[in-house]
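The values are calculated or read from the model by the stated rules, or taken from the named source; none is laboratory data. Model, not experiment: these values are computed from the prediction. Using ideal geometry, Cβ is built from the backbone for each residue, glycine included, and neighbour counts are taken over all protein chains shown.
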Amino acid sequence: MITYDFLQHYWWFLIALLGGLLVFLLFVQGGNALIFLAGREEDERQLIVNSTGRKWELTFTTLVTFGGAFFASFPLFYSTSFGGAYWVWILILITFVFQAVSYEFQSKAGNLLGKNTFRIFLTLNGCLAPLLIGTAVGTFFTGSDFTINKSAVGDIASPVISRWGNAWHGLEAVANPFNVEFGLMVMFLAITLGALYLINNVDHAKLAVQLRRSLGVSFGLFLLFFLVICYHLITMEGFAVDASGTVTLEEGKYFTNLMEMPAVLALLLVGAVLLVAGVAMTLLGKEFKRGIWLAGPGTTLAVMALFMVVGYNHTAYYPSTADLASSLTLANSSSSDFTLRTMAVVSLIIPFVVAYIAYFWRQMDKRSLTTEELNQSEKY
């Protein structure tokens, strides 16, 4: 029999999957961050823009779906984080607005600002969007300043359940070094994936050399911050939940979660190995171009594992630093049994949607993008 507890864990699994896919699809942002770093000539920069321009809608759609899944399955998190830490989410959305506008107008007649102005916007989106998303996700481990009062829902004058504890509304996350380190890790991972994607998608010998050089640097920086985050996760306190729902600080909680959930540990290790293999084979094999198809699934699996570490095994996935009792868990923040059960049926169509996207992706990318093809098609 499908229990309420199973449905809560099932929907957290879907949240983890969407989070993993979102980080993988940040290769679009990572590619845009390389417009000026790897693209030295006009044709090289145009190839990068056109290549990422074919896929940018996927990233934004996944981000919206990620937020929508939280709204439907864990509405208390949605109202607390999106409604309380709104400055972070607004900044993230602004960077995506810059991206959409830049793709749409940079090659249009009458562009008074010039192509490079819009390319700078794309570069800013490429760096800031992953950095901000990573910093926001970092608060899942460190906590945020909010309080929850469910009894306030009956207050006619002010039926507000969650309240933010300061006037920064999410911007205070940058004051915690762990959050910033997590954000930088995600940013350099996005640039690594962007370089891998462009190496596979663009056929340009000179640009490929510059992309491989950028790949080595970005992966080295990602690896540095990844090791720093791993050290923190092994040593830092986590937010444990007992049978009565009481939240307490527990030394090494996240490391304990990994040890007590071998399947999640295996998921993390397999993901890390695939990512490293994709990068290593691309750097060592000058003719090897398909590293993105190892690193992409590896990234998805590793990110899924991190979400499971922070949400499963009696852990508060969105801790409150103002009041531990207000911390959000799978049990106290989810939708009703009926809602989760109904949406679980709807979620069965997800594999068919993914298959549809994969098919048309393959159709679009049967051939690498070349300068000749660029001159014959519409430019972004």
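Just a yes or no: is a residue in the range 215-235 part of a loop (DSSP other than H, G, I, E, B) and at pLDDT below 95?
Within the range 215-235, not a single residue is part of a loop (DSSP other than H, G, I, E, B) and at pLDDT below 95.
From the list Thr256, Thr299, the lone residue that is of a type in the set (Ser, Thr, Tyr), buried (at least 23 other Cβ atoms within 10 Å of the Cβ), assigned to a helix (DSSP H, G or I) and out of contact with any His (no Cβ under 8 Å at 6 or more places or on another chain) is Thr299. Answer with yes or no whether Phe36 is touching a residue at least 12 places away in the same chain (Cβ under 8 Å) and outside any helix (DSSP H, G or I). Answer is yes for this residue. Within the range 304-362, the only residue that satisfies the criterion of being out of contact with any helix residue (DSSP H, G or I) (no Cβ under 6 Å at 6 or more places or on another chain), of a type in the set (Phe, Trp, Tyr) and closer than 13 Å to Val241 by Cα is Tyr312. Looking at the range 310-377, the helices (runs of 4 or more DSSP H) lying wholly inside it that each contain 2 or more residues that are surrounded by 10 or more Cβ atoms within 10 Å (Cβ to Cβ) and within 24 Å of the chain's Cα centre (by Cα) sit at 330-333, 337-346, 350-364.
Here Leu47 clears all of (1) outside any helix (DSSP H, G or I); (2) at pLDDT 90 or above; (3) buried (at least 19 other Cβ atoms within 10 Å of the Cβ) except the condition numbered (1).
In the range 214-229, the residues that are farther than 17 Å from Thr135 by Cα form Cβ pairs under 8 Å with partners that are of a type outside the set (A, V, I, L, M, F, W, C) and crowded, with 19+ Cβ neighbours inside 10 Å, at six or more places apart or across chains, as follows: Leu215/Thr192; Leu215/Thr282; Ser218/Gly30; Ser218/Thr192; Phe219/Thr192.
Does Glu181 qualify as being touching a residue at least 40 places away in the same chain (Cβ under 8 Å), farther than 19 Å from Glu41 by Cα and surrounded by fewer than 23 Cβ atoms within 10 Å (Cβ to Cβ)? For Glu181, the condition - touching a residue at least 40 places away in the same chain (Cβ under 8 Å), farther than 19 Å from Glu41 by Cα and surrounded by fewer than 23 Cβ atoms within 10 Å (Cβ to Cβ) - is met. For Leu93, the stated conditions do not hold, so it cannot be described as in contact (Cβ under 8 Å) with a residue 40 or more places away in the chain, part of a helix (DSSP H, G or I) and not acidic (Asp, Glu).
Considered as a group, the residues in the range 137-179 that are within 20 Å of the chain's Cα centre (by Cα) and not in a helix (DSSP H, G or I) include one that is modelled with the lowest pLDDT, and that residue is Gly170. Considering only residues in the range 240-253 that are more than 16 Å from Ile229 (Cα to Cα) and either of a type in the set (Ser, Thr, Tyr) or within 24 Å of the chain's Cα centre (by Cα) (or both), the one that is surrounded by the most Cβ atoms within 10 Å (Cβ to Cβ) turns out to be Thr248.
Restricting to the range 274-292, and then to whatever is of a type in the set (A, V, I, L, M, F, W, C) and over 20 Å from Gly19 (Cβ atoms), can you tell me which residue is surrounded by the most Cβ atoms within 10 Å (Cβ to Cβ)? Among those that are of a type in the set (A, V, I, L, M, F, W, C) and over 20 Å from Gly19 (Cβ atoms), it is Val279.
Could you tell me whether the range 101-115 includes any residue that is outside any helix (DSSP H, G or I), in contact (Cβ under 8 Å) with a residue 12 or more places away in the chain, surrounded by fewer than 22 Cβ atoms within 10 Å (Cβ to Cβ) and in contact with a Gly (Cβ under 9 Å, 6 or more places away or on another chain)?
no
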